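Structure record follows, encoded as structure tokens.
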Amino acid sequence: MNIIIFGPPGAGKGTQSSFLVENKKMYQLSTGDLLRIELKSGSKLSKKLKEIMDSGKLVSDDIINDLIEKKISEPSFKNNIIFDGFPRNIDQAQSLDLMLKKYDQMISLVLNLKVDKSILVKRISGRVSCSVCKKLFNEFFDPPGDASQCTTKECINRHLVKRSDDNEGTVRNRLKIYEESTLPLLKFYEMKGVVRHIDAMKSINEVTNEINSILTNL
Ligand code: AP5
């Protein structure tokens, strides 16, 4: 089954995707993570990407669709993908439909994480991750504690990393773009009858339990 995990910046898409990877052995396809890997390459493209991402704007659909097709066409991920941060607009959703059709797949479920706007800036500004295992924490809601909170022995040498686009100015722009370009996608998927709404104001564990119960009762 392919799932889209949907919601504004800071809703908990990455956090919940990592539980699905751990518990359901799904493949997480995060366009944000793929772009951040590209940023580290130091290529000419990476400089352009950094500028766009640090401003909170969307990267061009061509670049994104290319990244996505490489993964969708991978036989070992077939019908077992969580799309995290994609699609972000109607054009991307239509391209996704075409690509899935080409590789004989479909979207079975869209999990809409509903969160009040007022909490998002705090969730994003408090976000840190482990430099070794990449586990996400939050200085306000899920403190990183010591390395025993992480997932590998090597995390003893960890440092905590903040994303360069996690600052208040960029976040407000990301939220604006979400409302203008991404939120209208919900209607697109509601018409296909695949959307389930989740109260993502609840604790991380409660949200995970709600997702598990939806998956069990599908
Ligand atoms: P991307 O990396 O996709 O960022 P985003 O969509 O803005 O989402 P975030 O990663 O900020 O939030 P999240 O919902 O995953 O929350 P998380 O689980 O981390 O995109 C970054 C940029 O890349 C974009 O701005 C754009 O430029 C570009 N880009 C990416 N995809 C693109 C595309 N398809 N097209 C064009 N451009 C694209 O949680 C946040 C924090 O809250 C964490 O600290 C976590 O511990 C905490 N938390 C989570 N859940 C809870 C809870 N229930 N209670 C309390 N705290 C919680």
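The values are calculated or read from the model by the stated rules, or taken from the named source; none is laboratory data. Small disclaimer: the values here were computed from a predicted structure and weren't measured. Positions of Cβ are generated from backbone atoms using ideal geometry, with glycine treated the same way; all protein chains shown enter the neighbour counts. When the accessible area is computed, the model is the full protein with side chains, heavy atoms only, and any ligands, DNA or RNA have been set aside. Shrake-Rupley method; radii C 1.70, N 1.55, O 1.52, S 1.80 Å.
When the test is whether a residue is among the aromatic types (F, W, Y), within 24 Å of V115 (Cβ to Cβ), touching a residue at least 60 places away in the same chain (Cβ under 8 Å) and part of a helix (DSSP H, G or I), F19 passes it. Scanning region 70-100 for residues that are away from the ligand (no atom under 13 Å from the Cβ), open to solvent by 40 Å² or more (accessible area, probe 1.4 Å) and under 19 Å from I37 (Cα atoms) yields K70, E74.
Note on region 204-218: among residues that are over 18 Å from the mean Cα position of the chain (by Cα) and without any contact (Cβ under 8 Å) to a residue 12 or more places away in the chain, the one that is nearest to the ligand (Cβ to nearest atom) is E206.
For region 163-193, residues that are within 18 Å of the chain's Cα centre (by Cα), over 18 Å from K117 (Cβ atoms) and modelled with pLDDT of 95 or more total 1. The residues on offer are L109, L34, and the sole one that is in contact with a strand residue (DSSP E or B) (Cβ under 7 Å, 6 or more places away or on another chain) and either away from the ligand (no atom under 14 Å from the Cβ) or not charged (D, E, K, R) (or both) is L109.
Listed conditions (1) within 24 Å of Y178 (Cβ to Cβ); (2) touching a helix residue (DSSP H, G or I) at 6+ places or on another chain (Cβ under 9 Å); (3) modelled with pLDDT of 95 or more are all met by K102, apart from (1).
Within region 53-85, being among the aliphatic types (A, V, I, L, M) and assigned to a loop (DSSP other than H, G, I, E, B) holds for L58, V59. On the given criteria, is S125 among the polar types (S, T, N, Q) and either touching a helix residue (DSSP H, G or I) at 6+ places or on another chain (Cβ under 7 Å) or more than 16 Å from the ligand (Cβ to nearest atom) (or both)? Considered against the rule, which asks whether it is among the polar types (S, T, N, Q) and either touching a helix residue (DSSP H, G or I) at 6+ places or on another chain (Cβ under 7 Å) or more than 16 Å from the ligand (Cβ to nearest atom) (or both), S125 comes out as yes. Considering every residue within region 44-52, establish whether at least one is of a type in the set (A, V, I, L, M), within 10 Å of the ligand (Cβ to nearest atom), open to solvent by less than 40 Å² (accessible area, probe 1.4 Å) and not in a loop (DSSP other than H, G, I, E, B). Yes, region 44-52 contains a residue that is of a type in the set (A, V, I, L, M), within 10 Å of the ligand (Cβ to nearest atom), open to solvent by less than 40 Å² (accessible area, probe 1.4 Å) and not in a loop (DSSP other than H, G, I, E, B).
The number of residues in region 108-118 that are open to solvent by 20 Å² or more (accessible area, probe 1.4 Å) and closer than 15 Å to K192 by Cα comes to 1. Scanning region 22-43 for residues that are at negative phi, of a type in the set (G, A, S) and not in a helix (DSSP H, G or I) yields S30, S41, S43.
Here T182, T152, T170 are screened, and the one residue that is away from the ligand (no atom under 14 Å from the Cβ), open to solvent by less than 90 Å² (accessible area, probe 1.4 Å) and polar (S, T, N, Q) is T152. Listed by first and then second residue, the pairs linking a residue in region 126-151 that is within 18 Å of D165 (Cβ to Cβ) to a residue that is surrounded by fewer than 17 Cβ atoms within 10 Å (Cβ to Cβ) and of a type in the set (V, I, T), with Cβ atoms under 8 Å apart and 6 or more places separating them unless they lie on different chains, are V128/V161; S129/V161; S131/V161.
Selection of region 129-149 for residues being within 12 Å of the ligand (Cβ to nearest atom) and open to solvent by less than 60 Å² (accessible area, probe 1.4 Å) yields S129, C130, F137, N138, D142, P144.
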